[in-house]
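The values are calculated or read from the model by the stated rules, or taken from the named source; none is laboratory data. Quick caveat: nothing in here was measured; it's all calculated off a predicted structure. A quick note on method: Cβ atoms are made from the backbone with ideal geometry, for glycine too, and the neighbour counts reach across all protein chains shown. All accessible areas refer to the heavy atoms of the entire protein, side chains included, with ligands and DNA or RNA removed. Shrake-Rupley method; radii C 1.70, N 1.55, O 1.52, S 1.80 Å.
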Amino acid sequence: SIDATAHRIGGDGDYQVQLKFDPQRMDAAVTLHEPAGGPLENLLQLPGLGALAATLNLTGPRAAERLELTVDAGALRGRAQGTFNLNDLSADLDFAFDSPALAPRPDLAWERASVHGHWHGSVKAPQADGHVDIAQLRLPGGTRLAALNGDFKADAGAAALRLSIGGVRIPGPRPQLLEDSPLKIDATVRLDDSARPLDLSASHRLFA
């Protein structure tokens with residue numbers, strides 16, 4: 001059992017955590033609020049994230065936990081809600097994260113980003129789908145992607161991921177080497193097989 005509250009001295013900022021776990025239940029309530037440039041985003045080394053407001057509520061028995069999550073970080077909006085069963089590792093969750101142009105740090109930025117999806121069932125045999133769409137992604141180390149689009153689907157004990165990455169610029173003496181043709185990645189895995197057999201392929205104008 002944990003009950004903690006903190007208020008920032010000399011500025012705006014509130015942090016509250018209430019947890020109560022036992023063999024039958026897990027209950028939690030977390031609330032965070034701080035302005036841009038606050039302590040938490042600097043601890044996370046994301047000084048450009050913007051004002052942060054987040055709430056997490058978890059209630060119920062371990063076999064039927066109810067989850068509600070909201071995250072507002074600058075212009076980024078994230079939501080997740082649903083139920084999950086810790087006993088058999090199954091869940092029924094919907095999630096959505098959307099952001100316009102944002103630069104949380106000098107070497108990490110994007111022009112537009114969204115991740116949407118749904119998960120239903122156990123980790124061994126889920127029914128799930130998700131989609132990611134990111135434009136003008138800048139990554140630490142000097143890599144840049146003009147566009148990243150991907151879809152994830154799982155059904156009947158199998159999961160598949162398909163990614164298309166366009167305009168890849170890499171660090172080094174020939175940054176444009178992969179830029180003029182999309183890089184495509186396809187992966188499938190059997191979740192209901194204890195060996196987790198994986199098939200992975202990648203293709204580009206220069207290689208397969």
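For Leu44, the criteria (1) in contact with a Pro (Cβ under 8 Å, 6 or more places away or on another chain); (2) under 30 Å from Trp110 (Cβ atoms); (3) open to solvent by 70 Å² or more (accessible area, probe 1.4 Å) hold in every case but one, which is (1). Val115 meets each of the listed conditions (1) among the β-branched types (Val, Ile, Thr); (2) open to solvent by 40 Å² or more (accessible area, probe 1.4 Å); (3) touching a residue at least 24 places away in the same chain (Cβ under 8 Å) apart from (3). Cβ separations smaller than 6 Å between residues 6+ apart or across chains give no pair from segment 62-87 residues that are closer than 17 Å to Ala113 by Cβ and touching a residue at least 40 places away in the same chain (Cβ under 8 Å) to residues that are of a type in the set (Lys, Arg) and open to solvent by less than 60 Å² (accessible area, probe 1.4 Å).
Of Asp192, Asp186, which residue is within 22 Å of Pro126 (Cα to Cα), open to solvent by less than 70 Å² (accessible area, probe 1.4 Å) and of a type outside the set (Phe, Trp, Tyr)?
On the way: Asp192 fails: open to solvent by less than 70 Å² (accessible area, probe 1.4 Å).
Asp186 is the lone residue from the list that is within 22 Å of Pro126 (Cα to Cα), open to solvent by less than 70 Å² (accessible area, probe 1.4 Å) and of a type outside the set (Phe, Trp, Tyr).
The single condition from (1) in contact with a Phe, Trp or Tyr (Cβ under 8 Å, 6 or more places away or on another chain); (2) more than 21 Å from Leu76 (Cβ to Cβ); (3) loosely packed, with under 15 Cβ neighbours inside 10 Å; (4) not polar (S, T, N, Q) that Ala128 fails is (3).
The set of residues in segment 60-87 being open to solvent by 70 Å² or more (accessible area, probe 1.4 Å), assigned to a strand (DSSP E or B) and of a type outside the set (Lys, Arg) consists of Glu68, Gln81.
The residue pairs whose first member lies in segment 186-197 and is over 25 Å from Leu148 (Cβ atoms), whose second member is polar (S, T, N, Q) and assigned to a strand (DSSP E or B), and whose beta carbons are closer than 9 Å, counting only pairs six or more residues apart or on different chains, are Pro197/Thr188. A count restricted to segment 1-50 and to residues that are touching a strand residue (DSSP E or B) at 6+ places or on another chain (Cβ under 9 Å) and either closer than 17 Å to Leu69 by Cα or of a type in the set (D, E, K, R) (or both) stands at 21.
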